[in-house]
Amino acid sequence: MDFFKVHGNGNDFIVLDNREGRLSDSDLRSAAMALCRRRASVGADGLMAVERAGEAEGVDFRMRIFNADGSEAAMCGNGARALARYAYERGIAASPMRFATGAGMVEATVEPPFVELDMGNIDLARGTFGWSLRAGGVTFPFVFLNVGVPHCVLLTDEDYSRDAMREMGREVRWNTELFPEGANVNFARRTASDEMSAVTYERGVEDLTDSCGTGSVAVAIAAAEVWGIWTPIRVTNPGGVNTVRLDFASGNGSVHAWLKGGTALVASGVLLEEAWA
(Lines give C-alpha, C1' and ligand atoms only; values in the text may rest on other atoms or scores of the structure.)
Protein backbone atom coordinates (compact mmCIF):
# COMPACT_ATOMS: atom_id res chain seq x y z
CA MET A 1 0.00 0.00 0.00
CA ASP A 2 1.31 3.46 -0.92
CA PHE A 3 1.48 6.23 1.66
CA PHE A 4 2.57 9.84 2.05
CA LYS A 5 4.01 11.52 5.16
CA VAL A 6 3.04 15.18 5.66
CA HIS A 7 3.14 17.74 8.44
CA GLY A 8 1.75 21.14 9.32
CA ASN A 9 4.21 23.01 11.55
CA GLY A 10 5.41 19.74 13.04
CA ASN A 11 1.97 18.16 13.52
CA ASP A 12 2.63 15.04 11.40
CA PHE A 13 0.33 12.62 9.61
CA ILE A 14 0.29 9.56 7.39
CA VAL A 15 -1.94 10.03 4.32
CA LEU A 16 -3.68 7.19 2.50
CA ASP A 17 -5.61 7.64 -0.75
CA ASN A 18 -8.90 5.83 -0.17
CA ARG A 19 -10.90 7.35 -3.04
CA GLU A 20 -11.60 3.86 -4.36
CA GLY A 21 -13.02 2.83 -0.98
CA ARG A 22 -10.77 -0.20 -0.53
CA LEU A 23 -10.28 0.48 3.19
CA SER A 24 -13.22 0.13 5.57
CA ASP A 25 -13.68 2.21 8.73
CA SER A 26 -12.27 -0.72 10.70
CA ASP A 27 -9.27 -0.91 8.37
CA LEU A 28 -8.55 2.79 8.85
CA ARG A 29 -8.80 2.59 12.64
CA SER A 30 -6.44 -0.40 12.67
CA ALA A 31 -4.06 1.35 10.28
CA ALA A 32 -3.90 4.41 12.53
CA MET A 33 -3.07 2.37 15.62
CA ALA A 34 -0.43 0.30 13.81
CA LEU A 35 1.24 2.88 11.58
CA CYS A 36 1.32 5.86 13.96
CA ARG A 37 3.60 4.02 16.43
CA ARG A 38 6.87 5.90 16.58
CA ARG A 39 10.05 3.80 16.28
CA ALA A 40 8.01 0.63 15.67
CA SER A 41 6.38 1.80 12.42
CA VAL A 42 6.14 4.96 10.26
CA GLY A 43 5.18 7.09 13.26
CA ALA A 44 2.81 10.08 13.29
CA ASP A 45 0.35 12.05 15.39
CA GLY A 46 -2.47 10.68 13.26
CA LEU A 47 -3.61 9.15 9.98
CA MET A 48 -5.67 10.90 7.29
CA ALA A 49 -7.57 9.37 4.39
CA VAL A 50 -8.71 11.12 1.22
CA GLU A 51 -12.09 9.80 0.15
CA ARG A 52 -14.39 10.52 -2.75
CA ALA A 53 -17.31 12.84 -2.06
CA GLY A 54 -20.73 12.65 -3.67
CA GLU A 55 -21.54 15.15 -6.40
CA ALA A 56 -24.39 16.57 -4.32
CA GLU A 57 -21.92 17.57 -1.58
CA GLY A 58 -20.33 20.26 -3.76
CA VAL A 59 -16.77 19.55 -2.52
CA ASP A 60 -13.61 18.21 -4.11
CA PHE A 61 -13.09 15.34 -1.68
CA ARG A 62 -13.75 14.14 1.85
CA MET A 63 -11.17 14.18 4.66
CA ARG A 64 -11.14 11.47 7.33
CA ILE A 65 -8.76 11.75 10.28
CA PHE A 66 -7.90 9.14 12.88
CA ASN A 67 -5.88 9.74 16.03
CA ALA A 68 -2.98 7.49 16.97
CA ASP A 69 -5.28 5.59 19.36
CA GLY A 70 -7.64 4.69 16.48
CA SER A 71 -10.40 7.13 17.44
CA GLU A 72 -11.82 9.25 14.62
CA ALA A 73 -11.68 13.03 15.02
CA ALA A 74 -14.13 15.45 13.45
CA MET A 75 -11.50 18.03 12.50
CA CYS A 76 -7.83 18.96 12.74
CA GLY A 77 -6.63 22.37 11.56
CA ASN A 78 -3.01 21.45 10.85
CA GLY A 79 -4.07 18.13 9.37
CA ALA A 80 -6.57 19.82 7.07
CA ARG A 81 -3.91 22.29 5.91
CA ALA A 82 -1.39 19.50 5.26
CA LEU A 83 -4.00 17.44 3.42
CA ALA A 84 -4.91 20.44 1.25
CA ARG A 85 -1.24 20.79 0.29
CA TYR A 86 -1.11 17.06 -0.54
CA ALA A 87 -4.29 17.27 -2.65
CA TYR A 88 -2.92 20.31 -4.50
CA GLU A 89 0.48 18.75 -5.25
CA ARG A 90 -1.08 15.43 -6.33
CA GLY A 91 -3.57 17.09 -8.68
CA ILE A 92 -6.60 15.95 -6.68
CA ALA A 93 -7.92 19.53 -6.33
CA ALA A 94 -6.96 23.04 -7.42
CA SER A 95 -6.61 26.08 -5.16
CA PRO A 96 -8.86 27.27 -3.65
CA MET A 97 -10.44 23.92 -2.81
CA ARG A 98 -13.39 22.81 -0.74
CA PHE A 99 -13.54 19.55 1.16
CA ALA A 100 -15.78 17.86 3.68
CA THR A 101 -14.76 17.05 7.26
CA GLY A 102 -16.61 15.61 10.23
CA ALA A 103 -17.09 19.19 11.43
CA GLY A 104 -18.46 20.48 8.10
CA MET A 105 -17.11 21.90 4.86
CA VAL A 106 -13.86 23.87 4.85
CA GLU A 107 -12.12 25.89 2.15
CA ALA A 108 -8.34 26.02 1.71
CA THR A 109 -6.09 28.34 -0.29
CA VAL A 110 -2.73 26.78 -1.15
CA GLU A 111 0.39 28.87 -1.83
CA PRO A 112 3.16 26.32 -1.18
CA PRO A 113 4.47 25.85 1.40
CA PHE A 114 1.71 27.89 3.09
CA VAL A 115 -1.95 26.96 3.34
CA GLU A 116 -4.72 29.14 4.75
CA LEU A 117 -7.81 27.39 5.97
CA ASP A 118 -11.22 29.00 6.31
CA MET A 119 -12.38 27.60 9.65
CA GLY A 120 -15.89 29.02 9.30
CA ASN A 121 -18.00 30.47 12.12
CA ILE A 122 -17.37 29.44 15.71
CA ASP A 123 -20.23 29.75 18.17
CA LEU A 124 -19.04 31.72 21.20
CA ALA A 125 -22.36 31.28 23.00
CA ARG A 126 -21.47 27.61 23.51
CA GLY A 127 -18.09 28.53 24.97
CA THR A 128 -17.07 28.99 28.58
CA PHE A 129 -15.39 32.21 29.72
CA GLY A 130 -14.38 33.51 33.15
CA TRP A 131 -14.05 30.13 34.88
CA SER A 132 -11.05 28.60 36.63
CA LEU A 133 -9.86 25.05 37.28
CA ARG A 134 -7.04 23.39 39.18
CA ALA A 135 -4.46 21.01 37.72
CA GLY A 136 -1.16 19.93 39.22
CA GLY A 137 -1.89 22.12 42.24
CA VAL A 138 -2.13 25.26 40.04
CA THR A 139 -5.26 27.35 39.48
CA PHE A 140 -5.72 28.37 35.85
CA PRO A 141 -8.29 30.75 34.36
CA PHE A 142 -9.52 28.95 31.25
CA VAL A 143 -11.61 29.35 28.12
CA PHE A 144 -13.47 26.39 26.64
CA LEU A 145 -14.43 26.42 22.95
CA ASN A 146 -15.49 23.95 20.30
CA VAL A 147 -13.45 24.69 17.17
CA GLY A 148 -14.61 21.59 15.32
CA VAL A 149 -13.13 19.70 18.31
CA PRO A 150 -13.21 20.73 22.01
CA HIS A 151 -10.40 22.86 23.41
CA CYS A 152 -9.67 23.98 26.97
CA VAL A 153 -7.31 26.97 26.83
CA LEU A 154 -5.37 27.42 30.08
CA LEU A 155 -4.20 31.03 30.41
CA THR A 156 -0.88 31.44 32.20
CA ASP A 157 2.12 33.71 32.65
CA GLU A 158 4.38 30.77 33.54
CA ASP A 159 6.66 28.82 31.20
CA TYR A 160 6.15 25.24 32.43
CA SER A 161 8.38 22.28 31.57
CA ARG A 162 7.11 19.79 29.00
CA ASP A 163 6.87 17.11 31.71
CA ALA A 164 4.72 19.41 33.86
CA MET A 165 2.46 20.33 30.92
CA ARG A 166 2.13 16.68 29.98
CA GLU A 167 0.96 15.74 33.47
CA MET A 168 -1.37 18.71 33.90
CA GLY A 169 -2.69 18.34 30.35
CA ARG A 170 -3.54 14.70 30.99
CA GLU A 171 -5.35 15.63 34.21
CA VAL A 172 -7.48 18.28 32.48
CA ARG A 173 -8.10 16.15 29.38
CA TRP A 174 -9.69 13.46 31.56
CA ASN A 175 -11.71 15.87 33.73
CA THR A 176 -15.04 14.49 32.54
CA GLU A 177 -16.95 16.47 35.18
CA LEU A 178 -16.08 19.67 33.27
CA PHE A 179 -15.57 18.10 29.83
CA PRO A 180 -17.76 15.01 29.38
CA GLU A 181 -16.23 14.24 25.95
CA GLY A 182 -12.71 15.09 27.07
CA ALA A 183 -10.81 18.06 25.67
CA ASN A 184 -7.62 19.08 23.96
CA VAL A 185 -5.65 21.22 26.41
CA ASN A 186 -3.72 24.35 25.37
CA PHE A 187 -1.21 26.09 27.62
CA ALA A 188 -1.39 29.69 26.34
CA ARG A 189 1.01 32.48 27.26
CA ARG A 190 1.12 36.05 25.94
CA THR A 191 4.57 36.89 24.54
CA ALA A 192 3.98 40.24 22.76
CA SER A 193 1.18 42.71 21.98
CA ASP A 194 -0.15 40.54 19.14
CA GLU A 195 1.56 37.22 19.81
CA MET A 196 0.90 34.11 21.88
CA SER A 197 2.79 30.93 22.58
CA ALA A 198 0.89 27.65 22.83
CA VAL A 199 1.68 24.07 23.74
CA THR A 200 -1.06 21.50 23.25
CA TYR A 201 -1.88 18.20 24.92
CA GLU A 202 -3.98 16.44 22.29
CA ARG A 203 -6.86 14.13 23.03
CA GLY A 204 -6.41 10.89 21.07
CA VAL A 205 -2.66 11.38 20.73
CA GLU A 206 -2.53 11.47 24.56
CA ASP A 207 0.65 13.49 24.58
CA LEU A 208 2.03 16.93 23.76
CA THR A 209 2.27 17.67 20.03
CA ASP A 210 4.53 20.13 18.22
CA SER A 211 1.60 22.09 16.81
CA CYS A 212 -2.19 22.19 16.82
CA GLY A 213 -4.21 24.18 14.28
CA THR A 214 -7.60 24.14 15.95
CA GLY A 215 -5.75 24.81 19.21
CA SER A 216 -4.09 27.88 17.69
CA VAL A 217 -7.52 29.18 16.70
CA ALA A 218 -8.90 28.55 20.19
CA VAL A 219 -5.89 30.29 21.75
CA ALA A 220 -6.30 33.29 19.43
CA ILE A 221 -10.00 33.63 20.27
CA ALA A 222 -9.24 33.38 24.00
CA ALA A 223 -6.49 36.01 23.62
CA ALA A 224 -8.84 38.37 21.80
CA GLU A 225 -11.71 37.88 24.26
CA VAL A 226 -9.72 37.93 27.52
CA TRP A 227 -6.78 40.21 26.72
CA GLY A 228 -8.18 42.23 23.82
CA ILE A 229 -5.36 41.24 21.45
CA TRP A 230 -5.99 42.52 17.92
CA THR A 231 -6.24 40.25 14.90
CA PRO A 232 -4.25 38.86 13.14
CA ILE A 233 -2.70 36.97 16.03
CA ARG A 234 0.53 35.00 15.72
CA VAL A 235 0.47 31.78 17.75
CA THR A 236 3.89 30.21 18.19
CA ASN A 237 3.80 26.44 18.64
CA PRO A 238 6.97 24.39 19.25
CA GLY A 239 6.77 23.30 15.58
CA GLY A 240 6.20 26.74 14.07
CA VAL A 241 3.95 29.78 13.80
CA ASN A 242 0.25 29.71 12.95
CA THR A 243 -1.38 33.03 12.07
CA VAL A 244 -5.05 33.40 12.94
CA ARG A 245 -7.38 36.07 11.51
CA LEU A 246 -10.66 36.70 13.32
CA ASP A 247 -13.84 38.52 12.30
CA PHE A 248 -16.24 38.88 15.22
CA ALA A 249 -19.95 39.13 14.45
CA SER A 250 -21.97 42.01 15.81
CA GLY A 251 -22.63 41.34 19.49
CA ASN A 252 -19.73 38.85 19.67
CA GLY A 253 -22.09 35.87 19.41
CA SER A 254 -19.79 34.15 16.93
CA VAL A 255 -16.47 34.64 15.20
CA HIS A 256 -15.25 33.71 11.72
CA ALA A 257 -11.69 32.37 11.76
CA TRP A 258 -8.93 31.76 9.23
CA LEU A 259 -5.82 29.69 10.02
CA LYS A 260 -2.55 30.02 8.07
CA GLY A 261 0.76 28.23 8.48
CA GLY A 262 3.48 26.17 6.85
CA THR A 263 3.12 22.64 5.50
CA ALA A 264 5.53 20.04 4.14
CA LEU A 265 5.35 16.85 2.08
CA VAL A 266 8.03 14.77 3.78
CA ALA A 267 8.05 11.35 2.15
CA SER A 268 6.19 8.86 0.01
CA GLY A 269 6.64 5.12 -0.14
CA VAL A 270 5.19 1.65 0.18
CA LEU A 271 4.01 0.17 3.47
CA LEU A 272 5.55 -3.25 4.08
CA GLU A 273 4.04 -6.07 6.11
CA GLU A 274 6.22 -5.41 9.15
CA ALA A 275 4.90 -1.83 9.44
CA TRP A 276 1.75 -3.45 10.84
CA ALA A 277 3.48 -5.95 13.14
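A single entry from Arg19, Arg37 fulfils the requirement of being of a type in the set (Lys, Arg), surrounded by fewer than 18 Cβ atoms within 10 Å (Cβ to Cβ), under 26 Å from Pro150 (Cβ atoms) and modelled with pLDDT of 95 or more: Arg37. Filtered by the rule that a residue be over 15 Å from the mean Cα position of the chain (by Cα) and of a type in the set (D, E, K, R), the range 108-141 gives Glu111, Asp123, Arg126, Arg134. Which of the numbered conditions does Leu154 fail, given that it passes all the others? Conditions: (1) within 28 Å of Asn252 (Cα to Cα); (2) touching a Ser or Thr at 6+ places or on another chain (Cβ under 6 Å); (3) aliphatic (A, V, I, L, M); (4) modelled with pLDDT of 95 or more. Evaluating Leu154 over (1) within 28 Å of Asn252 (Cα to Cα); (2) touching a Ser or Thr at 6+ places or on another chain (Cβ under 6 Å); (3) aliphatic (A, V, I, L, M); (4) modelled with pLDDT of 95 or more leaves (2) as the failure.
In this structure, is Gly136 crowded, with 17+ Cβ neighbours inside 10 Å and on the phi > 0 side of the Ramachandran plot? Against the criterion (crowded, with 17+ Cβ neighbours inside 10 Å and on the phi > 0 side of the Ramachandran plot), Gly136 does not qualify.
Scanning the range 76-99 for residues that are more than 16 Å from Leu28 (Cβ to Cβ) and modelled with pLDDT under 95 yields Gly77, Asn78.
Look at the range 224-242: where a residue is under 21 Å from Gly130 (Cβ atoms) and not assigned by TED's automatic domain parsing to the domain that holds Ala198, no partner that is of a type outside the set (Ser, Thr, Tyr) and in a helix (DSSP H, G or I) sits 6+ places away or on another chain with Cβ atoms under 7 Å.
The values are calculated or read from the model by the stated rules, or taken from the named source; none is laboratory data. Quantities reported herein were computed from a predicted structural model and do not represent experimental measurements. Note that we place each Cβ from the backbone using ideal geometry, even for glycine, and neighbour counts take in every protein chain shown.
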